[in-house]
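Step one of this worksheet: look at the structure below.
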Amino acid sequence: MSSIRAKRALQESVKGFVKEQVHLPTEHFTETEMLLQWGKYAQRLSDKGHKIMESLLMIGDPKLDGTTIIHELPNEGSKIDFETELYGLLGHLKGHLHNHDITIKVVVNEKVENKFAFTAIDKYNRLNEINPNLELLKKTFDLDL
């Protein structure tokens, strides 16, 4: 009988308790701001010696779709490795971008090909893709390959 009274007393005390609602920030952010924080997190991992995770973050630039960040990885194994650090990355992004609605979607695309430059011309063409001003530099100083 005393346990029934204690249970009822507990239920009455719970009815009077109103749970406080926590309003987490949901500020707008741009893809550039997200990429900046993504890079800072990768650098922090590199400084700690987590080179594999850093390379998974830097494989390609993630795309922003609303508050969902879509990151493309080349295989299932890298996805599994990436997901081990996912909550740390999410915490960093949510805190620094002031938006707690951020989610990360990992897409496996096994058709992603790494292009390696072997000859001097291949290397020049690859660097020219990255920075078209290289062509201007080459013409200005009349440089050869």
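Every number here is computed from the coordinates shown, using simple stated rules; none is lab data. Treat the numbers as computed from the prediction; the structure is a model and nothing was measured. Cβ atoms come from the backbone with ideal geometry, glycine included; neighbour counts cover every protein chain shown.
List of remarks:
- Ascending count of other beta-carbon atoms within 10 Å, so fewest first, for His98, His23, His71: His23, His98, His71
- Cα-Cα P(r), the chain, percent of pairs per 5 Å interval: 2, 7, 12, 13, 12, 10, 9, 8, 7, 6, 4, 3, 2, 1, 1, 1, 1, 1, 0, 0
- Listed by Cβ neighbour count within 10 Å, with the fewest neighbours leading, Leu90, Leu143, Leu57 appear as Leu143, Leu90, Leu57.
- Here region 31-108 yields Rg over Rh of 0.92, to two decimals, using C-alpha coordinates and the Kirkwood radius.
- Taken one residue at a time, the phi angles of region 84-91 give Karplus couplings (6.51, -1.76, 1.60, θ = phi - 60°) of 5, 9, 4, 5, x, 5, 4, x Hz. Gly and Pro are set to x.
- Choice from Glu54, Glu33, Glu12 showing the highest fluctuation, given a GNM over the chain with Cα pairs closer than 10 Å: Glu12
- Relative contact order for region 31-108: 34 percent, from Cα pairs under 8 Å spaced at least 6 residues apart, divided by residue count.
- When chymotrypsin sites (Phe, Trp or Tyr not before Pro) are flagged only if DSSP places them in a loop and at most 10 other Cβ atoms lie within 10 Å, the longest unflagged stretch of the chain comes out as 18-115.
- Straight Cα distances below 20 angstrom link Lys123 to the aspartates and glutamates Glu113, Glu135, Asp142, Asp144, with same-chain residues fewer than 8 positions distant left out.
- In nm, spacing of pseudo-spin labels at Lys139 and Leu86 (7 Å Cα→C-beta vector): 4.8 nm
- Take the Cβ atoms of Glu72 and Lys51, set R0 to 22 Å, and the FRET efficiency comes out at 0.65.
- Of the trypsin sites (Lys or Arg not before Pro) found in region 3-104, those in coil by DSSP whose Cβ has at most 10 other Cβ atoms within 10 Å are Lys19.
- Coupling constants for region 29-35 follow from the phi torsions by the Karplus curve (6.51 cos²θ - 1.76 cosθ + 1.60, θ = phi - 60°), and in residue order they are 9, 9, 5, 5, 5, 5, 5 Hz; glycine and proline get x.
- For Ile130 and Thr26, a Förster radius of 41 Å and the Cβ-Cβ distance give a FRET efficiency of 0.70, rounded to the nearest 0.05.
- Near the amide H of Met58, within less than 5 Å, lie no amide hydrogens of residues on another chain or at least 5 residues away, with H placed in the peptide plane.
- Spacing of the two label points (7 Å from each Cα toward its C-beta) at Glu110 and Ile4, in nm: 6.4 nm
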